[in-house]
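Student: Take a look at this one; I'll ask things after.
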Amino acid sequence: MSVAADLEDLLVQLISTPSRRVRRLGRSAVFGFALLAVSACTPQQWIVTHFDSAGQVDSANRIATCESNMNPTAVSPTNDHGLFQINAIHRADFERVTGQPWSSVYDANYNSQFARWLFDHQGWGPWVCKKVL
């Protein structure tokens, strides 16, 4: 199971069966702590979350390392963005697939989520670094 899924399960358990501590903190505080924990995930953890079920974690790590040096905020001179260097021509698809605005392309979670969607539809073909596979 992924880190994000584990945190989500923990959050559901905390909110559905609140302990005295949770009642004292309040649900919004617990939710805030969970969001903080999820945002602390590394790019590699998000890659596992999104590519493990496809058996592509190693390939995805190599692609992201080659494309952006694992930098979620990378921008190329050719208008490629984020961890997997998603080109701006994919903006509408990115927003539709992730449900997030284009600015979220710099979030390793959403960038990996979209990269997985793109991989599912086109394989590693769209990436310049496919040669590292």
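Student: Through the Karplus equation 6.51 cos²θ - 1.76 cosθ + 1.60, θ set to phi - 60°, convert the phi angles of the range 44-60 into ³J(HN,Hα) values in whole Hz; use x for Gly and Pro.
Tutor: Karplus-based 3J(HN,Hα) across the range 44-60 equals 4, 5, 5, 4, 4, 3, 9, 10, 4, 5, 9, x, 10, 4, 4, 5, 5 Hz.
Student: Next up: Residues in the range 45-81, backbone N under 20 Å from the label point at residue 89 (7 Å along the Cα-to-beta-carbon vector): list them, ranges by number please.
Tutor: From the range 45-81, the list is 64, 67-68, 75-81.
Student: Would you mind checking which residues have amide H under 5 Å from residue 70's amide H? H placed 1.01 Å from N; only 5 or more apart, or other chain.
Tutor: 65
Student: I've got another one for you. Excluding residue 130 itself, what net charge comes from residues whose Cβ is under 12 Å from its Cβ, given Lys and Arg +1 and Asp and Glu -1?
Tutor: Residues close to residue 130 contribute a combined charge of +1.
Student: Okay, next question. What is the gain in length, in nm to one decimal, between residue 79 and residue 122 on full extension, counting 0.36 nm per residue of separation less the C-alpha to C-alpha distance?
Tutor: Taking 0.36 nm per residue and subtracting the Cα distance, the gain is 13.5 nm.
Student: Here is a further query. For 133, 83, what's the largest-to-smallest order of accessible area, 1.4 Å probe?
Tutor: 133, 83
The values are calculated or read from the model by the stated rules, or taken from the named source; none is laboratory data. Quick caveat, the model's predicted, so the values are computed rather than measured. Cβ atoms come from the backbone with ideal geometry, glycine included; neighbour counts cover every protein chain shown. Just the protein is used for accessible areas: all its heavy atoms, side chains included, with ligands, DNA and RNA removed. Shrake-Rupley method; radii C 1.70, N 1.55, O 1.52, S 1.80 Å.
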